[in-house]
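Shown next, in structure tokens, is the structure this report addresses.
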Amino acid sequence: MLKKILIANRGEIAVRIVRACAEMGIRSAAVYTEPDRFSLHVKRADEAYNVGADPLEGYLNPRKLVALAVETGCDGLHPGYGFLSENAELAEICAQRGITFIGPSAEVIRRMGDKTEARRAMTAAGVPVTPGTEENLKDVEDAVTVAAGIGYPVMLKATSGGGGRGIRRCDSEADLRRQYDRVVSEATKAFGRADVFLEKCIVNPRHIEAQILADSHGNVIHLFERDCSIQRRNQKLIEIAPSPQLTPEQRAYIGEMSVRAAEAVGYENAGTVEFLLADNQIYFMEMNTRVQVEHTITEQITGVDIVREQIRIASGLPLGYRQQDISYRGYAMQFRVNAEDPKNDFLPSFGKISRYYAPGGPGVRVDTAIYTGYTIPPYFDSMCLKLIVWGLTWEDVLDRGVRALNDMRLQGVKTTASYYQQILKHPDFRSAQFDTSFVENHPELTQYSDKSRPEDIALAVAAAIAAHAGL
């Protein structure tokens, strides 16, 4: 078993990894840049090291992070998600310096990070993919020729893309010509590569992903699926496990295809295979070679600690479960509570949190790194916390979600919490009739009331009196 792990990340996922280490008797070492000096992951880890004044540079320097791991006596490095989590160079440097990278090999990261290579691998393994290019596009004329053969609409995508960036839907040749240079520019800035490819746009699909675990002993299992269809501009907002929209046959098929995909590329550790579902057709979209933001809901329905399994696998141990050991119970739902103003086109709302009260009670979990008095810096993702609820039935999880969101108090910044309450009340969502177009098709859900609660008004009055009295 690993003895000490450097956590090359920040915020709530770093806190999540610290907790897993504590339960396993493993020492944790956090890193932080100057704006994160007072972040919760710094307070909770056994050790914490400043990696620079620049908000981002320290989190994005693989050589510096691995050198720090060596210097501080760590034998493992967990990249979390985002930042360098799918950076093959980080995995490679870890191997060179004798540090165990908690994730797949550099070769697999490269192969699955290249979307065209991933498509070829899945085709060879018999996993269905959307019609599209097998190679990167040469230029806009090449794109126009391919699109004419596939038929519009098409999706223009960055080959090294991820996280919903570097993607544009094109509904006509004129649209494709207009968007081409924009996607190339985005790909270059975000991923350091100008390569783009093209695939058929599956209109208004359901976005379904399956969680897999694979060890170094040839064992691969799936932990069922998550429904990530509630998203805005390709950014997930609410995730559900299992999907309330699948038949048992579709569920079994997606699980089988996910295991086949992982086996085809020699995958090791935790990963996610993402699919699009439309007109009863299921298509492979991409593979994420890291732990997902929404891993929490899979943990809630299966009882499997995914981060713990990541560390066990990286330590060379076999999986603690066989496929026949895995079952699920009930439904879980995760809300990404972001510091954004839904009523103002989801404008970021960074600043100091004047009051934070976490919801609780049966079936409620909160993963976060915020607290009362914490200032959300403007340099990172706007997510404040992940609110996870579990219920035995679909109706139970819906009602628990409404209650938990209403219980929570987060003041000082605008958040998406009230917006999620509107989604939970919508009849289409409650009847599990939704796809990736749901948010776009219901702009009226942002027009909710901002009426203050009596207790919030009392708190504001008390704070004003205290300030006036110099207390």
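The values are calculated or read from the model by the stated rules, or taken from the named source; none is laboratory data. Computed from a prediction, not measured in an experiment: that's the story for all the values here. Reconstructed Cβ throughout: ideal geometry from the backbone, glycine too, with neighbour counts over all protein chains shown. These accessible areas exclude ligands, DNA and RNA; they are computed on the full protein's heavy atoms, side chains included. Shrake-Rupley method; radii C 1.70, N 1.55, O 1.52, S 1.80 Å.
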Revision key, fill the gap. The size of the Cβ-based charge dipole (Lys, Arg +1; Asp, Glu -1) of the stretch 209-368 about the Cα centre, to the nearest 20 debye, is 580
Review point. One-quarter of the Cα convex hull surface for the stretch 113-236, in nm²?
Key: 8.6
Check your understanding: Convex hull over the alpha-carbon atoms of the stretch 4-102: what's its volume per residue in Å³?
Key -> 78
Point to revise | Accessible carbon and sulfur surface of the chain relative to its total accessible area, %, 1.4 Å | key: 49
Exercise for review: Would you work out which of PRO244, GLN323, ALA339 lies farthest towards the positive end of the dipole of the chain, given +1 charges on the beta-carbon of Lys and Arg and -1 on that of Asp and Glu, about the Cα centre?
Suggested key: ALA339
Practice item. For the chain, build the charge dipole from Cβ charges (+1 Lys, Arg; -1 Asp, Glu) around the Cα centre, then report which of THR123, ILE7, THR72 sits farthest towards its positive end. Key: THR72
Check your understanding: Using the Cα gyration tensor of the stretch 22-166, with a ≥ b ≥ c the square roots of its eigenvalues, what is the shape: rounded (a/c below 1.5), prolate (a/b larger than b/c) or oblate (neither)?
Key -> prolate
Review point. Hey, got the dipole for the stretch 267-355? About the Cα centre, +1 on K and R Cβ, -1 on D and E Cβ, debye to the nearest 20?
Key: 420
Exercise for review: Report the full-extension gain for the segment ASP407 to ASP171: residue separation times 0.36 nm, less the Cα-Cα distance, to one decimal in nm.
Suggested key: 80.6 nm
Exercise for review: Report Rg/Rh for the stretch 140-200, rounded to two decimals, where Rg is the Cα radius of gyration and Rh the Kirkwood radius.
Suggested key: 0.95
Review point. Considering amide H positions built from the backbone, and no H for Pro or chain starts, which residues 5 or more places from SER382, or on another chain, come under 5 Å of its amide H?
Key: none
Study note, to complete from the structure: Whole-Å distance linking the alpha carbon centroid of the stretch 214-244 with that of the stretch 333-402 is 20
Point to revise | Percentage relative contact order, the stretch 131-235, counting C-alpha pairs under 8 Å, at least six apart | key: 28
Exercise for review: Using a cut-off of 12 Å between beta-carbons, work out the net charge of the residues near GLY192 (Lys and Arg +1, Asp and Glu -1, GLY192 not included).
Suggested key: -1
Review point. Residue by residue, what Karplus-based ³J(HN,Hα) values in Hz, rounded to whole numbers, does the stretch 86-93 have, using 6.51, -1.76 and 1.60 with θ = phi - 60° and x for Gly and Pro?
Key: 10, 9, 4, 5, 4, 4, 5, 5
**Study point:** Amide H contacts under 5 Å for GLU340, placed H, 5+ residues apart
**Key:** SER349, THR415, THR416
Revision key, fill the gap. If amide H atoms are modeled at 1.01 Å from N in the peptide plane, then the residues at a separation of 5 or more from TYR49, or on another chain, having amide H under 5 Å from its own are ALA30, VAL31, TYR32
Study note, to complete from the structure: Karplus-derived 3J(HN,Hα) from phi for the stretch 293-299 (6.51 cos²θ - 1.76 cosθ + 1.60, θ = phi - 60°), whole Hz, x at Gly and Pro, runs 3, 8, 4, 4, 6, 5, 4
Study note, to complete from the structure: Here the FRET efficiency for TYR379 versus GLN235, based on Cβ atoms and R0 = 22 Å and rounded to 0.05, is 0.80
Check your understanding: In Å, what Rg and Dmax follow from the Cα atoms of the chain?
Key -> 22.3, 74
Check your understanding: Taking the Cα centre of the chain as the origin and placing charges on Cβ (Lys, Arg +1; Asp, Glu -1), which of GLY98, PRO55, VAL259 is farthest toward the positive end of the dipole?
Key -> PRO55
Check your understanding: Once every DSSP H run of n ≥ 4 in the chain is given -39500 (n - 2.57) and the sum is divided by its residues, what mean residue ellipticity at 222 nm do you get, rounded to the nearest 500 deg cm²/dmol?
Key -> -10500 deg cm²/dmol
Exercise for review: For ARG355 paired with THR247, estimate the spin-label separation in nm (one decimal), with each label point 7 Å from Cα along the Cα-to-Cβ line.
Suggested key: 5.1
Exercise for review: Can you work out the accessible area per residue across the chain, with the rest of the protein chains kept in place, probe 1.4 Å, in square angstrom?
Suggested key: 41
Point to revise | Only Lys, Arg (+1) and Asp, Glu (-1) charged, at Cβ; the chain dipole about Cα centre in debye | key: 1060
Review point. Listed here are the pairs LYS236/LYS414; LYS386/LYS425; LYS157/LYS386; LYS236/LYS386; LYS343/LYS386; which of them are more than 23 Å apart at the Cα?
Key: LYS157/LYS386
